[in-house]
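To start, the structure under review is shown below, and the notes come after it.
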Amino acid sequence: MNRPSARIATKPVRVEDALRRAGLKRTPQRLEIYRLLAETGDHPDIETIYRNTRRTMTAISLDTVYRTLDLFRELGLVTTVRPRPDRVRFDANTDPHHHFICEACGSISDFEDRTLDDWPVPEAARALGFVRSARVDILGLCPNCVRAKKTAKKQSMRRD
Ligand SMILES: [Zn+2]
Ligand SMILES: [Zn+2]
């Protein structure tokens, strides 16, 4: 089920411009990977992006997907989220925004908040190095997981 409120539309994309400016080829693979990423608010991981790309480009390799995402990151076309240290997720929404991360199923939803955008980065953080941007990750349980937990609890109470 889609939750439209959690999806923040990505600005009309200039992937072609970005590639042209960098003097890089606008290969069908690059355009397709970007299109898939820009269309979803799901913050997919590399395996998911690979799987979806293969639906239309059966011959694409995982290595190509890796290198393309790396390139997009260098060009500032995507950002990454790491809900877990071993799991990188990709985000084509490069506008300032924050994340609600479900610790049970790993779903990541975007939200915007002006107060958080204007929040002054603490001196303690500035003292650690040059600050490029700041983002807030809210951790918790998504509505689906809250429901699943309640159901599981009810079932276990019935068993007792
Ligand atoms: Zn969840
Ligand atoms: Zn995001």
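Residue check: is Glu32 more than 28 Å from Cys145 (Cβ to Cβ) and either in contact with a Pro (Cβ under 6 Å, 6 or more places away or on another chain) or at pLDDT 90 or above (or both)?
Yes; evaluated as a whole, the condition is true for this residue.
Which of the following residues is out of contact with any helix residue (DSSP H, G or I) (no Cβ under 9 Å at 6 or more places or on another chain), at pLDDT below 90 and over 26 Å from Ile49 (Cα atoms): Asp117, Asp86, Asp95?
The conditions single out Asp117.
Listed residues Thr68, Thr80; which is open to solvent by less than 60 Å² (accessible area, probe 1.4 Å), within 16 Å of ligand 2 (Cβ to nearest atom), outside any loop (DSSP other than H, G, I, E, B) and free of Cβ contacts under 8 Å to residues at least 40 places away in the same chain?
Matching residue, one of Thr68, Thr80: Thr80.
Picking from Phe100, Phe130, which residue would you name as being over 21 Å from Glu47 (Cβ atoms), assigned to a loop (DSSP other than H, G, I, E, B) and either within 15 Å of ligand 1 (Cβ to nearest atom) or at pLDDT 90 or above (or both)?
So the residue among Phe100, Phe130 that is over 21 Å from Glu47 (Cβ atoms), assigned to a loop (DSSP other than H, G, I, E, B) and either within 15 Å of ligand 1 (Cβ to nearest atom) or at pLDDT 90 or above (or both) is Phe130.
Could you pull out the residue among Gly106, Gly41 that is within 13 Å of ligand 2 (Cβ to nearest atom), part of a loop (DSSP other than H, G, I, E, B) and over 23 Å from Ala22 (Cα atoms)?
Exactly one residue qualifies, and that residue is Gly41.
For Ser156, work out the one condition from (1) touching a helix residue (DSSP H, G or I) at 6+ places or on another chain (Cβ under 7 Å); (2) of a type in the set (Ser, Thr, Tyr); (3) surrounded by fewer than 11 Cβ atoms within 10 Å (Cβ to Cβ) it doesn't fulfil.
The one condition Ser156 does not meet is (1).
Looking at Ala18, Ala38, Ala22, which is the one that is at pLDDT below 95, open to solvent by less than 90 Å² (accessible area, probe 1.4 Å) and within 22 Å of Asp110 (Cα to Cα)?
After applying the criteria, what remains is Ala38.
The values are calculated or read from the model by the stated rules, or taken from the named source; none is laboratory data. On a predicted model such as this, the values are computed, not experimentally measured, just so you know. Neighbour counts run over all protein chains shown; Cβ positions are idealised from the backbone, glycine included. The protein model used for the area step is the full one, side chains on, heavy atoms only, and it has no ligands, DNA or RNA in it. Shrake-Rupley method; radii C 1.70, N 1.55, O 1.52, S 1.80 Å.
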